[in-house]
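The values are calculated or read from the model by the stated rules, or taken from the named source; none is laboratory data. All values reported here derive from a predicted model rather than from experimental measurement. Accessible surface is based on the protein model in full, side chains and every heavy atom, while ligands, DNA and RNA are left aside. Shrake-Rupley method; radii C 1.70, N 1.55, O 1.52, S 1.80 Å.
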Amino acid sequence: MTGVTVGEVAEFPVDDEEAGRAERIEALRRRIAAVPARGEVQSVARGRVEAASDRILPVPTPLAELLPQGGLVRGSVVSVSGATSLLLGMLASVTASGGYAAVIGQRRLGLLAAAEMGARLHRLAVIPDPGPDPVEIAAVLLDGIDLVVLGLGGASVPPSRARAVAARARSKQSVLVVTDGRWEGAHVRLEARVDGYRGVDGPGRDRLCATRLSVRAHGRAFPPRATRVEVCADRSAVEWASEERNRLEDGRFRKAVR
């Protein structure tokens, strides 16, 4: 295995056919244990993100307004579908707040876009090719990473295995985010679709200034909720804003083509 550590950024390739399954898993465990937290060489588990509540991982403010606890509850499984901006916003919020995150099986995830939203890439591990069993890789990373994003590549995870991994997330107080597949029993489901654009016609033509998303959340403990948010780009960063804040700009949006 030739990947680098989280602190160096980026990749944990684990598809080496010559390496045995147990060897790859053990190598991942060693790398997790070697990640520095808050400037010290210690387990990531000791460097958990400090939020308003130790039980909550932060999300962009407009998303926090949708969730009963104002963020992602530690020990939970969250299903995400639709626009990729949703995942990028979560990664940015968690890593910018001092937490660690890992992304498994997402070849096309835009790290530049994540950085523009404020993500700290030195706190992000990327495993684009997790091999034949990405769920097991996710289960290992839950041992010491605050937020683990698992791309299922269209697969359906058997309920018995989903329950076992969910129990591990609960015991380790990490958050597992699943996407691109079927996972029964998620505590929260978030769905986002692109609803419009600003800056593609009229003043500012040919420069995309903002994307409007329709976001819906529902879960075991709360009824469906929905809102619209803007992901706004300026020259230095990408920010999230609520629909209320930008209501006056609404007429400048061009509807997304479906």
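Of the conditions (1) assigned to a strand (DSSP E or B); (2) at pLDDT 95 or above, A169 satisfies every one except a single condition; which number is it?
(1)
Being polar (S, T, N, Q), farther than 21 Å from L190 by Cα and open to solvent by 20 Å² or more (accessible area, probe 1.4 Å) narrows it down to one of S85, S97, S81, so name that one. Steps first, please.
On the way: S85 fails: farther than 21 Å from L190 by Cα; S81 fails: farther than 21 Å from L190 by Cα.
None of the others qualify; the one that does is S97.
Take the residues in region 40-61 that are outside any loop (DSSP other than H, G, I, E, B) and open to solvent by 10 Å² or more (accessible area, probe 1.4 Å); name whichever of them is modelled with the lowest pLDDT. Working first, answer last.
From region 40-61, those outside any loop (DSSP other than H, G, I, E, B) are 40-41, 44-47, 56-57, 61; that's our starting set.
Among the residues that remain, those that are also open to solvent by 10 Å² or more (accessible area, probe 1.4 Å) are: 40-41, 45-46, 56, 61.
Values: E40: 39, V41: 33, A45: 44, R46: 40, I56: 95, T61: 90.
Filtering first and then ranking leaves V41.
Tell me, which residue of region 100-133 that is open to solvent by 40 Å² or more (accessible area, probe 1.4 Å) and assigned to a loop (DSSP other than H, G, I, E, B) is nearest to R161 (Cα to Cα)?
The extreme case among them is D133.
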